[in-house]
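Heads up, the thing below is written out as structure tokens.
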Amino acid sequence: MENRKKVEVCHTPSLYPQYRKENQIVVVIDVLRATSAMCAAFDNGVKKIIPVATIEEARGYQEEGYIVAAERKGQIVEGFNLGNSPYGFMTGEFKDKTIVITTTNGTRAFHTARDADEVVIGSLLNLEALSQWLIEQDKDVLCLASGWKDKFCLEDTICAGAFVDSLIKSGKFTTDEDSSIAAKYLYLSARDNYMAFLKASSHRRRLKALNLNEDIKYCLTPNQTDVIPIRKENYLVLLEK
Ligand code: MLT
């Protein structure tokens, strides 16, 4: 019993310092849509993703000839050809390529966890595969929800709760924090119909207003891939299993 590892949930990037611990694996989650888009990109053959925090950095990479995806307020930023839609990475044209990406919240959360021992990318898309891998690592896990501009968000919380649920079910993990228990209960309430549960959520409404319903459906459909994007230096690669 005493040897069980901890799985916890941090609901926004600014709370991260209160949850960080030595020797912890941080799972960065931005279901709508940054981390779902990253999983989709690797699933479609992308070799490397460089998440950057600002549009200025993204422009710098663009000037050097990199393929750059840039999203703000749910839309492609002017001057860039790619945004944050998972479908944007499914055209087959980015196989074996490096993509630089900046998004409103997801890439910010990635950089927030820069001091973490290990960082992986989680979404509903790779829920089962990533849960299995986390269970095998024998390390504490912190699910870091990207939120929206540092506010709590429902879809990331539900996904974090799904990781908590499967790690606890393995018998190898336990949780101390109310934030993790709350996330788990929200997941249990949502899991039979994510679309319906999230109907009124703020980012779902935001994306729906931009006619991005197909993105929402895709991002809320669990276990479509077994890719695990993992941080190496300041970029992401596919974990070799
Ligand atoms: C983000 O990183 O803030 C989101 O992925 C925004 C979006 O859905 O476009």
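The values are calculated or read from the model by the stated rules, or taken from the named source; none is laboratory data. Keep in mind that what you see is a predicted model, and the values were worked out from it rather than measured. Glycine gets a Cβ as well: all are built from the backbone with ideal geometry, and neighbour counts include every protein chain shown. The area values use the complete protein model at the heavy-atom level, side chains included, leaving out ligands, DNA and RNA. Shrake-Rupley method; radii C 1.70, N 1.55, O 1.52, S 1.80 Å.
When segment 197-211 is filtered for residues that are more than 18 Å from the chain's Cα centre (by Cα) and either over 17 Å from Gly147 (Cα atoms) or modelled with pLDDT of 90 or more (or both), the ones remaining, listed by number, are Phe197, Lys208, Ala209, Leu210, Asn211.
Condition check ((1) out of contact with any Lys or Arg (no Cβ under 7 Å at 6 or more places or on another chain); (2) open to solvent by 10 Å² or more (accessible area, probe 1.4 Å)) across all residues:
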{"residue": "Lys5", "(1), (2)": "no, yes"}
{"residue": "Cys10", "(1), (2)": "yes, no"}
{"residue": "Leu15", "(1), (2)": "yes, yes"}
{"residue": "Tyr19", "(1), (2)": "yes, yes"}
{"residue": "Glu22", "(1), (2)": "yes, yes"}
{"residue": "Val27", "(1), (2)": "yes, no"}
{"residue": "Ala37", "(1), (2)": "yes, no"}
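Of the residues making up segment 102-125, those that are away from the ligand (no atom under 16 Å from the Cβ) and either assigned to a strand (DSSP E or B) or polar (S, T, N, Q) (or both) are Glu118, Val120. For segment 117-156, a residue qualifies if it is open to solvent by less than 10 Å² (accessible area, probe 1.4 Å), under 14 Å from Ser36 (Cα atoms) and of a type in the set (A, V, I, L, M), and the qualifying residues are Val120, Ile121, Leu124, Leu125, Leu130, Ala145. Only one entry of Ser180, Ser189 meets the criterion of being farther than 12 Å from Ile29 by Cα and without any contact (Cβ under 8 Å) to a residue 40 or more places away in the chain, and that entry is Ser189. Evaluation of Ile99 against the conditions (1) away from the ligand (no atom under 13 Å from the Cβ); (2) on the phi > 0 side of the Ramachandran plot; (3) open to solvent by less than 10 Å² (accessible area, probe 1.4 Å) shows that the sole unmet condition is (2).
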